[in-house]
1. Within 10 Å, count the other beta carbons around each residue, average over each peptide in 477-490, 745-758, 639-652, and list them highest first.
2. Placing +1 on the Cβ of each Lys and Arg and -1 on the Cβ of each Asp and Glu in the chain, which of Val206, Gly490, Thr251 has its Cα farthest towards the positive end of the resulting dipole?
3. Roughly how far apart, in whole Å, are the Cα centres of segment 335-414 and segment 687-745?
4. Using +1 at the C-beta of Lys and Arg and -1 at the C-beta of Asp and Glu, which of Ala380, Ser6, Thr112 has the Cα lying farthest in the positive direction of the dipole of the chain?
5. Would you please classify the overall shape of segment 472-543 from the alpha carbon gyration tensor, given that a ≥ b ≥ c denote the square roots of the eigenvalues, rounded means a/c under 1.5, and beyond that prolate means a/b larger than b/c while oblate covers the rest?
6. Please give the charge dipole size of segment 288-440, origin at the Cα centre, charges +1 on K and R Cβ atoms and -1 on D and E Cβ atoms. Round to the nearest 20 debye.
7. Per the helix-only calculation at 222 nm, which mean residue ellipticity applies to the chain, given -39500 (n - 2.57) for every DSSP H run of n ≥ 4 and division by its residues, nearest 500 deg cm²/dmol?
8. At most 12 other Cβ atoms within 10 Å and a DSSP loop assignment: could you name the GluC sites (Glu not before Pro) in segment 490-583 that fit?
Amino acid sequence: LYILISYSQAEAMPMPRCLLSLATAINFLASASGVPCFLAFVHKHSLLKRSSAARLRHRHAVAFIDNTKEIILQKDETTVSMTDLQDAEAYHDMVSSAVDFTNVSARNGIITAIRSVRDIDTNSRRQFLYNIPVAVPSNGSPPSISPPVELPTKMKARIPSPSGLKIVILVEESTPSGGTSEASESKRHAIEIWTDNGQRLSNRVVLQPEKHGLVCTDFAWFGGMSWSPDETALVYTAEAKKPKTASFFATPSLKTDTNPMIHGGQYTLGVGKNEDWGEKYETVALLSLFCLDVNTGKIDQIENVPGFFRKETLSTEGGYVLGQPMFSPCGTSVVYTGWDAGEGGGMPRRLGAIYCYQRPCKIYSSPVSELLQRLANPSADMEKGDASFVCITPNDRLARSPRFSKPSVGTAKLAYLCNSKGFDTHGGCMSLQTGEWDMTQGLVIDGSRKVVVDVVQLPGDREDGGKVAGMNFPGLFLNQLPTDCFSHDGKFITLTTEWGSVNKVVSISLNDGTISPINFDLLNSEGFSDSASQQLMCLTEDGGAIVTQSEANRPTLLGYIQPLLDVNRQNVSPSRVLANLPPISSSSFSSFKSDLKPGNGYTYRIMSTQPDHGDVKVPVGSVLLLPENAKGKLPLIVVPHGGPHTCMSTMFVPSYGYLCKYGRYAVLHVNFRGSTGFGQAALESLAGNAGWLDVLDVVAATRAVIDAGIADPDRVGICGGSHGGFLAGHCIGQHPDLFKVAAMRNPCTNIASMVTATDIPDWCYVETLGPGNYNFSDFRPPSKEELDVMWDKSPIAHLEHVTAPTLMALGMKDKRVPPSQGIEYYHALRAQSVPTKLLVYEDCDHAIDIVISEADFWINTKKWFDQHL
């Protein structure tokens, strides 16, 4: 097929984008039909007057496409690969289809949901607010959803009150500090109180630096903001006020200041420089709790908390980080989580916090009645203070995420997650515990603490719960309880837990601890899905629940399940879809015309492999993605996850869908032993065996796909980030005949050189030497013998066997796995003449999640596998 297209336009203008789209369409159709195609664009001289040389140059500006070869588009001096355009459009289509909810609440029959969308053009994420009715229209049609409203980037939180009549909005804004240049601007936060169903701005309080630093907006871990039961006050987490510092040569201030200037302290750790909490928490040192009266706008710090006496030390070292605050149902106390930041003896140096769920923490309660009265009546003379704080979980190493039920007959239930002895690994199984809260005394009743669901060592240790995707209940694997998790009668808790390779919504009886999976399928109102990943977002006034459902080949749906009248019967809960949101284009590169139809283009299945190696014989779970209508044995990309104590579920991830649907690769996610969701014993079996047990699990899962006749054994690649990159390095070094190509993202390649440079040195000890080999209460550098073991268990020890072409991607601001790890490995491969390529992202940290960098990495990854696999 030969096609010649001539076009005309003004001088020095690029080829019209519509022609590139036309070329893409023709090339795709011809290739799909197996027809050899040669396509040429010829630029005619335009009607504008210009020199003969210009006319000649434009008449001969030709763009060629030849699908019989790996050919290019060419115009004058510019060259662009046809596959580059196709890859960019395909990636654009996949990420535009993603539906990522960041906040969902239900008030007065209306669901408020915030959707986060990638914007490649501006290298940012946009936030859209949806208001979705729960009720079904009288004609039986799906509820009508009004167009979304884009939220301004300065809005950092939006939290409705319990009644839904008020909304608190946290705003981040820039304010000039007195200069005229942009450098003189600084950030500040303001709290806005909206009343009358959120229609009226009743109060706006600018948070002054004299009170505290910025509010902690990390509501997934440290942060939190909670309404009082009577909706007159808020409690929130913010940075403690930092010491004031100045140069030795600064002129001393003559005015009296309760927080005096420390001369020469700008560069001192704990004074002018924060001792932070590592990756993603570079600005977090010490967090304190503050109360705000929404009517008077008065703010003050809660002082009767652990570590407050340190206020006079003029240092951010030691102390406690306080977060996850909740008002008690009586409104007279605040219950919160306190992390040891050095004061409690369990953290002599602050370690990385993100994805590290074993950092010592306890639950505390502080009375605040007197404080609230002072804020409500600022002119009144009240000298009496509140009573001292109480530690609710004094004997537990890990306790977090306090939640309250509605009060009944003078008491309410307090629920929280706990692991009394704790664990050394970064993730682990949690127990669910409760206590009775005395509404009169404002404290937990002595002797009322109860273990509702204990830690589970192996799936099948408990007889209840049934099976999900063929697996018995493995224990509770979650990081926080839902904010709204109690049933209306206070007899059940509903939550989401990792259950093997799926996320499952379960109901737990607080009477006897019975676990009941809530079975539903938003695509089949009377059936249930055993393989979809589902999540509880919130409960509704009628006792129902707002949930999401996602599958590896289907973006997230928002739905409603009817009230659970009998949660102990493992029946199907009727459900229906509330919102099946369409794509939002992520860039101007392509007008969205995707052929991505949910459920089409590729399929998935959950697989299980029984390994022969290792002491804990729990099946290795995996999720296999397969392109539709594929013929013959497929090229396979194996993807071990990072962590290592996390899990890859069956949820929709656009980057892997992109590799499968458009790359026509089979993609295998391996949940090796050490993953969450498979029991505590299986998780802890990896500690001390990294680089061996997890490697053999990945190999076993890979060979199972090959033995099933799905994958071509000569076309197997591996792709992973962090610990997944660690495993990619091990696999191409230990099994070079199996893994022929690799793509690694911020990989750990030499633990011996990483241990003193990372924010998680404990990982280096625990995963190589085993549990108990890192002393959390007495920091010390590694010994020579320990460094030997760490090197032996690193990918660098197998470097001489590597022949696989390797793509390396590094975030240069990574505090978790220093970039030097990947740079060392990259240069070592080049020295061995192994084909390799290095991607450097100067502004990225460990995740490489800045929008344009993320896109660049995944398109480069696909092209790397296209070239070498």
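The values are calculated or read from the model by the stated rules, or taken from the named source; none is laboratory data. Computed from a predicted model, the values in this text were never measured in an experiment. For neighbour counting, all protein chains shown are included, and Cβ atoms are generated from backbone atoms with ideal geometry for every residue, glycine included. Calculation scope for accessible area: heavy atoms of the full protein, side chains included, ligands and nucleic acids excluded. Shrake-Rupley method; radii C 1.70, N 1.55, O 1.52, S 1.80 Å.
1. Details: 477-490: 18.7, 745-758: 23.3, 639-652: 24.8.
Those peptides, ordered most packed to least, come out 639-652, 745-758, 477-490.
2. Of Val206, Gly490, Thr251, it is Val206.
3. Value for the Cα centre distance between the two parts: 45 Å.
4. My answer, from the dipole projection, is Ser6.
5. Details: a/c = 1.60, a/b = 1.19, b/c = 1.35.
The shape class here is oblate.
6. Details: 15 positive and 15 negative charges, 119 e Å.
Its charge dipole is roughly 560 debye.
7. On the way: 13 runs with 137 residues, N = 869.
Calculated at 222 nm, the ellipticity per residue is -4500 deg cm²/dmol.
8. Details: sites: Glu498, Glu526, Glu541, Glu551; in loops: Glu526, Glu541.
Listed in order of number, the matching sites are Glu526, Glu541.
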